[in-house]
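The next block holds one structure in the form of structure tokens; read it before the comments.
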Amino acid sequence: MAKTHAAQTPAQDELGKRIGRPLPAPELLQPTLDPALPQFKPRRDAQLGGTIRMASSDTLPGLVRAWIGAFHKIYPHVHVAFGPPYEGSHGAKELEKGRIDMAFVSRELKPTDLATFRGSHGYLPLSVPVCGGTYRHFGFLDAVVFFVNRQNPLDHLTVAQLDAVLSRSRLHGNPQAVTWGDLGATAEWAKRPIHVYAIKPWNGFEEFVRQRVLDVGAQRGHWRTDLHFDPTVFPIARRVAADPDGIGYAGLAFVDAPVKMLSIGGAGNAVAPTYTHVASARYPLSRLVYVNVNQKPGSVLSPAMREFLRFVLSRQGQQVVLEQGVFLPLRAFQATAARAWIDLPPRSDSK
């Protein structure tokens, strides 16, 4: 069980924008680097030059600087401009206005950021995963978990079942679930009502759950309007611990009350939110850090930008993540999928 945390103060927010958020102590356990990650092979043209302008969230300056330093040893003639303020929405706005080339953000972009970008350019920014989130670090993109009261007999739910509980769209096709019997509970639990504790939109956790649970493909799911919405994630675990019929979600760092964690999946293949499952990217609600770039459909990235992303998504680039000891390196299958976005042929527009 995590300790109870307090929201950042305005002074802490301002400090983070200027120098970045203080790094937490690394997890005691650290993953091994996936041996199937590709080795980075520089271009034959070692004189590659150009300038890349970057920005990042306040959790990422140290990691981005480490990538820049390692890349500079390979391509010393590429100039990288990177500095404060460190804040995700600032980076998204600067990317939209054409003032930077890369925005590293430790969450999914806000729907308003995406709408503004599309309104200006006619297409969405390209978002490429560059590393995993963390396991349970407060404020550093911890994995998301669903939990119920300890009295609840259920120990796992599928994504479709969660969608049936949370969504009025129900894009996964299940009928609405309003009692615990609708989710498979029996005996006295079958008729008991489901009390949902969720986070009011917009919120980083809320947007992540919406995308991973409520959305299907390009279709955006919508929350039921009769849920108990809190403005922040902080009280959710305590509310569920006090309500025998409760279910909620939060980042692992915010589970500060005795609740039962749910595995995700069906009987026989449900995956629990353990460190091993999160670090190996088996757990379906593990999170990712993204770089966002302005790549017009049908175009290619500049050689310098493409090389930098190739490096970040290589074995050497993910070794930098491992050495920092805070975020989790990508697994090979994630890096391969990410590299497909930056390699030829150029992408077509989506969403």
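The values are calculated or read from the model by the stated rules, or taken from the named source; none is laboratory data. Please read all numbers here as calculations on a predicted model, not as lab measurements. Note that we place each Cβ from the backbone using ideal geometry, even for glycine, and neighbour counts take in every protein chain shown.
Given the structure, is residue 36 loosely packed, with under 12 Cβ neighbours inside 10 Å and outside the structural domain of residue 111 (by TED's automatic domain parsing)? The answer is no for residue 36. The sole residue among 290, 249 that is out of contact with any helix residue (DSSP H, G or I) (no Cβ under 8 Å at 6 or more places or on another chain), buried (at least 16 other Cβ atoms within 10 Å of the Cβ) and assigned to a strand (DSSP E or B) is 290. Restricting 310, 220 to residues that are in the same structural domain as residue 48 (by TED's automatic domain parsing), of a type in the set (D, E, K, R) and either at pLDDT 95 or above or touching a Gly at 6+ places or on another chain (Cβ under 6 Å) (or both) narrows the list to 310.
Let's see how each residue does on (1) part of a loop (DSSP other than H, G, I, E, B); (2) more than 17 Å from residue 235 (Cα to Cα):
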{"position": "169", "(1), (2)": "yes, yes"}
{"position": "172", "(1), (2)": "yes, yes"}
{"position": "177", "(1), (2)": "yes, yes"}
{"position": "197", "(1), (2)": "no, no"}
{"position": "208", "(1), (2)": "no, yes"}
{"position": "211", "(1), (2)": "no, yes"}
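If you filter segment 69-116 down to residues that are small (Gly, Ala, Ser), outside any helix (DSSP H, G or I) and modelled with pLDDT of 95 or more, you find that the one that is nearest to residue 290 (Cα to Cα) is 103. Summed over segment 25-41, the residues that are charged (D, E, K, R) and under 23 Å from residue 274 (Cα atoms) give a count of 2.
Scanning segment 269-289 for residues that are touching a residue at least 40 places away in the same chain (Cβ under 8 Å) and charged (D, E, K, R) yields a single hit, 287. From the list 335, 340, 267, the one residue that fits, being of a type in the set (Gly, Ala, Ser) and either farther than 30 Å from residue 221 by Cβ or modelled with pLDDT of 95 or more (or both), is 335. Residues in segment 212-242 that are touching a residue at least 60 places away in the same chain (Cβ under 8 Å), crowded, with 17+ Cβ neighbours inside 10 Å and not aliphatic (A, V, I, L, M): 1 in all.
Of the residues making up segment 168-192, those that are more than 19 Å from residue 263 (Cβ to Cβ) and touching a helix residue (DSSP H, G or I) at 6+ places or on another chain (Cβ under 8 Å) are 169, 170, 171, 173, 175, 176, 181, 190, 191, 192. Look at (1) of a type in the set (Gly, Ala, Ser); (2) touching a strand residue (DSSP E or B) at 6+ places or on another chain (Cβ under 7 Å); (3) in the same structural domain as residue 67 (by TED's automatic domain parsing) and you find that residue 272 fails only one, number (3).
When 9, 32, 59, 51 are screened for being of a type in the set (Ser, Thr, Tyr), in contact with a helix residue (DSSP H, G or I) (Cβ under 9 Å, 6 or more places away or on another chain) and farther than 26 Å from residue 281 by Cα, only 51 passes.
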